[in-house]
1. I'm checking my understanding of the structure. Among residues of segment 223-234 that are in a helix (DSSP H, G or I) and small (Gly, Ala, Ser), which one is nearest to VAL326 (Cα to Cα)?
2. Tell me whether segment 59-71 contains one or more residues that are under 25 Å from the mean Cα position of the chain (by Cα) and not in a loop (DSSP other than H, G, I, E, B).
3. Would you check which residues across segment 295-346 are under 21 Å from ARG161 (Cβ atoms) and more than 22 Å from the chain's Cα centre (by Cα) and list them?
4. Can you name the residue in segment 20-51 that is touching a residue at least 24 places away in the same chain (Cβ under 8 Å) and either small (Gly, Ala, Ser) or in the same structural domain as ILE192 (by TED's automatic domain parsing) (or both) and, of all such residues, is surrounded by the most Cβ atoms within 10 Å (Cβ to Cβ)?
5. I'd like to check something: does segment 87-101 contain any residue that is surrounded by fewer than 17 Cβ atoms within 10 Å (Cβ to Cβ) and among the polar types (S, T, N, Q)?
6. If you check ILE233 against the conditions, is it more than 25 Å from SER331 (Cα to Cα), without any contact (Cβ under 8 Å) to a residue 40 or more places away in the chain and among the hydrophobic types (A, V, I, L, M, F, W, C)?
7. Cβ-Cβ under 7 Å, sequence separation 6+ or interchain: first residue in segment 289-317 and in contact (Cβ under 8 Å) with a residue 60 or more places away in the chain, partner in a helix (DSSP H, G or I) and of a type in the set (Gly, Ala, Ser). Which pairs?
8. Going by what's in this entry, would VAL91 be described as touching a Cys at 6+ places or on another chain (Cβ under 7 Å) and either assigned by TED's automatic domain parsing to the domain that holds LEU20 or not hydrophobic (A, V, I, L, M, F, W, C) (or both)?
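The values are calculated or read from the model by the stated rules, or taken from the named source; none is laboratory data. From a predicted model like this one, the values you see are computed outputs, not experimental measurements. Please note: Cβ atoms are built from the backbone with ideal geometry, for glycine as well, and neighbour counts cover all protein chains shown.
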Amino acid sequence: MDQRIVRKRPMEMLRNGRGLTDVVKVVTGMRRCGKSTLMEMYADELRTSGVPDEDIVSINLESREYMDLETPEQLLDAIVGRIGDSGIKYVFIDEVQNVIGWERAISALIVTKRCDIHITGSNSHMLSSELATHISGRYVEISLTPLSFCEYMELHSGDRRQRFNEYLRFGALPEVDPSRGKEFCDAQLMGIYNTVLVKDILRRLERGDARTLEAIARFLYSNIGNITNIDSIADTLKIGNAKVSKYVSMLSEAFLFYDAERYDIVGKKILKTNGKFYASDLGIRNVALKGSGMADISRPLENLVYLELVRRGYTVRIGSIKDREVDFTASKDGRTEYYQVCQTMLAESTRERELYSLRSIRDNYPKTVLTLDDYGLGSEDGIEVVNVIDWFMSSEL
């Protein structure tokens, strides 16, 4: 699909950083989520605003032209040869982690005071650790996730309910087009998944165990939305805790998973144990699990709500209140919101259960239940019951 859409929040961040030569703009996110396209669209916007082509330097380290760059010196030479010795230059480097020691080249560019630098990367730990060490206080991270449902509908117009089912099945990576058919989409998704496992994770491990890594990934995918910890993974898979902890961290650093902490709503403190993991893309989850567990959409639905709250800029945690759980506490700008996610509330017992947890919270912050139901919506005891597809489409990203 050739159509491109503006990712509003990330694009606004890039615009706000325009012309700053002492602050590196770092776009992070999983492979194929749209980082390169975001950079291309911003570069096009610069050209439209009057920036000449010769002042824009774009280097994709996975392209044939630059794939042989292996050292920071080679990377720096490739850039310096194009920036001349006067005027502000806009430098874009895609998948910068492919060059070992890349941060030294970036530091040298900052020293010139003439380069507005933008880089992308697919590994959060490597980027954050190297940036913190060598470019401390001189960068901003712009996190990019797969498409929101609102963005997805821009690419794939049509019946919302049908598209939402496809969104659940094939995920939200921009290049995965359901109109190409299940077999083709699944092959695409499996290729991306294998690339992340092999190129972004196993390549970093001196003695990486592909079978163990995939077993842990499948366990996490099977248990999205369930209370999970390192001990339970190790006990179930009969793998040492240290190895499980290391591999789980690397899966998260490669943006395949998000780790949501538990939060004591009454005590107002983060609980150190028994959080949850959520998948960054449900399409990849489905191919990794080879289609198993797709009949139950309640936990995938919860997964999508988590991602959407993160996408909207909230700090998202699992709420705990006495012996009950609130699916999400979402905090931003000193304000907190509470969410329950329920596939259907048509059964009276289910409705009462979902509302009870929110009623137990004794503050005046907004409380919402999100459901696929089209009936029984509205306000009840100050709690809003909202159709989840309508909620997704209300996004102002």
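1. It comes out as SER232.
2. Checked against the condition, which is being under 25 Å from the mean Cα position of the chain (by Cα) and not in a loop (DSSP other than H, G, I, E, B), segment 59-71 yields at least one hit.
3. Matches in segment 295-346: ALA295, ASP296, CYS342, GLN343, THR344, MET345, LEU346.
4. Only one residue fits best here, namely GLY34.
5. no
6. yes
7. LEU289/SER222; GLY293/SER222
8. yes
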